[in-house]
Structure formats: structure tokens, C-alpha cells
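Colleague: The structure follows.
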Amino acid sequence: MEQLCNGFTLELCNGAFPLSTDSIALSGFVRLPKNANVLDLGSGCGTLGLLLCASHPGCTVTGVEIDENAHCMALHNAQANGITARLTSICADLCAVPTFIKPGSFRCCVSNPPYFTAGPHSKSHPNARHEALCSLDALFKAAAWSIRFGGDFFLVHKPERLAELCACSSFCGLEPKRLMLLRHRAGDPISLVLLQCRKGAKPGLTIEEAYLQEADGTPSEYYRKLYHI
């Protein structure tokens with residue numbers, strides 16, 4: 001069992017992708033208006049939803065997860081943390097979002113999607129790492145459908161996919177507005193990109209940078225804030 005901030009806990013089912021810097025960095029990157037309703041696409045065991053509920057007391061999060069075991073664990077985590085009124089999960093394919101979510105129903109959308117399109121699949125959690133069930137095109141279409149005009153879509157991905165992320169975003173009417181380049185240490189290659197896209201917005205992108213460790217290996221100020229140290 002993982003201990004999150006503000007007394008929240010996370011339990012993972014067998015084969016689930018473990019709690020990682022990706023989800024924690026994304027939860028810290030997200031900016032939510034007061035009492036925002038949030039859609040989490042590919043929500044797994046509810047990790048990102050729990051992190052958001054822990055740090056944004058007024059928000060509610062609805063997850064969409066195709067794996068039934070992970071979906072059931074997300075419901076369990078909501079109950080274990082006493083937030084069933086704030087965190088829920090729908091067991092469904094995100095490609096089918098238009099069949100069960102009304103357009104513009106959410107203020108924000110978040111996702112920590114699979115990163116890879118090819119190569120050997122992980123035996124322990126193949127769908128969490130490869131896009132067999134979650135292409136970027138389908139992901140952005142689902143997000144664009146679900147959020148209202150002026151709503152935001154936040155996601156984390158690998159830097160080598162940035163051009164594709166921006167292309168898919170613009171094609172779906174989601175304008176890239178804010179980009180964070182995350183490194184392990186200052187001067188290291190970029191390890192993750194975090195992107196905020198806004199539905200119906202005008203062009204204009206701000207770029208931020210952060211790193212997790214100082215040159216001597218000690219946690220950076222960004223890391224300490226991210227992990228509530």
C-alpha cells in the first residue's frame with residue numbers, strides 16, 4: 001500500500017502499473033479551478049484521481065478504465081479513503097466515451113497514457129505501457145469530446161512524442177498552452193513532458209522547466225514540493 005499526501009492511501013491490484021514519478025508530476029502540474037469536475041482517461045486503480053482529490057479538496061474525479069480489475073480497485077480505493085462521492089470509475093473503452101458521456105460534461109481532463117507504440121510488451125502490465133488499446137488520436141478525441149469550451153486537458157508523456165502530441169491536440173481543437181520539460185538532474189536530457197491544452201483557445205504556449213535532483217543527487221526544491229517533503 002502506498003502512502004499519499006494528506007493521509008490518503010493507494011492500493012494496487014496485481015499487474016497494475018506502480019505509483020511513479022509520471023503520475024505524481026502530472027498531479028503537481030495540473031491546475032484546477034475551485035470545485036472542478038475532472039475526467040481521468042485510462043485511470044487504472046485511481047492513482048491520479050486519488051492524488052488530485054488529496055491535493056484539491058473540492059474536486060471530483062471520474063475515471064474511465066478498460067481493465068476490470070483496475071476499475072474495481074479504483075472503486076475500492078475510493079471507499080477506503082472515504083471519498084466515494086468524489087472519486088468513481090467507469091469500466092469502459094475510452095474510444096466509446098461519446099456513448100456514455102455527454103459532450104462538454106467536464107471542466108478538465110487528465111491522462112497518464114501508455115507511452116510506446118512498438119517493441120516488446122511488458123508481461124506484467126502490457127496495456128499500461130503500449131498503445132494497443134489507447135492511441136493518441138483516440139485519447140485526444142475523447143478528451144476534446146468530454147471537456148467544455150475553455151476546459152483543459154493535462155497529460156504526461158515522453159519527449160520524443162511531443163510533436164505528435166501537439167499535432168493531435170491541434171487537430172482536435174485543443175490548443176497547447178503550457179509545456180513543462182522535466183529532467184532527472186539539471187543538464188540531463190529531458191525525461192518527461194507535461195502538456196496543458198485548452199479547448200477553443202488562441203495560440204500561445206508558455207514553457208517551464210524543472211528537475212528532480214541537484215547535481216549531488218539530493219532532492220531538488222521541485223521534488224520536495226512535489227512529494228510534500
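The values are calculated or read from the model by the stated rules, or taken from the named source; none is laboratory data. Fair warning: this is a prediction, and the values are worked out from it, not measured in the lab. FYI the Cβ positions are ideal-geometry reconstructions off the backbone, even for glycines, and counts take in every protein chain you see. For the accessible areas, the whole protein counts, side chains as well, though only heavy atoms, and no ligand, DNA or RNA atoms are used. Shrake-Rupley method; radii C 1.70, N 1.55, O 1.52, S 1.80 Å.
Colleague: For segment 172-186, state whether one or more residues are within 23 Å of Glu65 (Cα to Cα), under 19 Å from the mean Cα position of the chain (by Cα) and either among the charged types (D, E, K, R) or at pLDDT 95 or above (or both). Even if it seems obvious, please write down each step before you answer.
Modeller: Residues of segment 172-186 that are within 23 Å of Glu65 (Cα to Cα), as a first pass: 172, 174.
Next cut, under 19 Å from the mean Cα position of the chain (by Cα) only: 172, 174.
Next cut, either among the charged types (D, E, K, R) or at pLDDT 95 or above (or both) only: 172, 174.
For segment 172-186, residues within 23 Å of Glu65 (Cα to Cα), under 19 Å from the mean Cα position of the chain (by Cα) and either among the charged types (D, E, K, R) or at pLDDT 95 or above (or both): present.
Colleague: Something else: Among residues belonging to segment 68-100 that are farther than 16 Å from Phe153 by Cα and of a type in the set (Val, Ile, Thr), point out the one that is most open to solvent (accessible area, probe 1.4 Å). Step through it out loud before you land on a result.
Modeller: Of the residues in segment 68-100, the ones farther than 16 Å from Phe153 by Cα are 68-93, 95-96, 98-100.
Those left that are additionally of a type in the set (Val, Ile, Thr): 83-84, 88, 90, 99.
Working: Ile83: 13, Thr84: 93, Thr88: 60, Ile90: 55, Thr99: 115 Å².
Among those residues, the one meeting the criterion is Thr99.
Colleague: Something else: Which of the numbered conditions does Leu194 fail, given that it passes all the others? Conditions: (1) under 26 Å from Asp67 (Cβ atoms); (2) in contact with a Cys (Cβ under 9 Å, 6 or more places away or on another chain); (3) modelled with pLDDT of 95 or more.
Modeller: (2)
Colleague: So, one more: May I ask you to list pairs of residues, at least six apart or on different chains, whose Cβ atoms are under 9 Å apart, with the first in segment 86-114 being closer than 14 Å to Cys45 by Cα and the second being assigned to a helix (DSSP H, G or I) and charged (D, E, K, R)?
Modeller: Close Cβ pairs satisfying both conditions: Cys91/Glu68; Asn112/Asp22; Pro113/Glu131.
Colleague: Is there a residue in segment 23-38 that is open to solvent by less than 50 Å² (accessible area, probe 1.4 Å), farther than 23 Å from Leu182 by Cβ and under 12 Å from the mean Cα position of the chain (by Cα)?
Modeller: Checking segment 23-38: not a single residue is open to solvent by less than 50 Å² (accessible area, probe 1.4 Å), farther than 23 Å from Leu182 by Cβ and under 12 Å from the mean Cα position of the chain (by Cα).
Colleague: Looking only at segment 188-216, count how many residues are open to solvent by less than 80 Å² (accessible area, probe 1.4 Å) and free of Cβ contacts under 8 Å to residues at least 24 places away in the same chain.
Modeller: Result for segment 188-216: 1.
Colleague: Hey, another quick one. Scan segment 1-57 residue by residue and report those that are of a type in the set (A, V, I, L, M), within 20 Å of His157 (Cβ to Cβ) and free of Cβ contacts under 8 Å to residues at least 60 places away in the same chain.
Modeller: The answer is Leu19, Leu51, Leu52.
Colleague: Consider only pairs whose beta carbons are under 6 Å apart and that are at least six residues apart or on different chains; among these, list those whose first residue lies in segment 59-76 and is touching a residue at least 12 places away in the same chain (Cβ under 8 Å) and β-branched (Val, Ile, Thr) and whose second residue is assigned to a strand (DSSP E or B) and buried (at least 22 other Cβ atoms within 10 Å of the Cβ).
Modeller: Going by the 6 Å Cβ cut-off, the qualifying pairs are Val61/Val38; Val61/Asp40; Val61/Leu87; Thr62/Leu39; Val64/Leu41.
Colleague: If I filter segment 117-130 for residues that are at pLDDT 95 or above, over 18 Å from Glu164 (Cβ atoms), surrounded by 14 or more Cβ atoms within 10 Å (Cβ to Cβ) and in contact with a Leu (Cβ under 9 Å, 6 or more places away or on another chain), do I get at least one hit?
Modeller: No; the residues of segment 117-130 include none that is at pLDDT 95 or above, over 18 Å from Glu164 (Cβ atoms), surrounded by 14 or more Cβ atoms within 10 Å (Cβ to Cβ) and in contact with a Leu (Cβ under 9 Å, 6 or more places away or on another chain).
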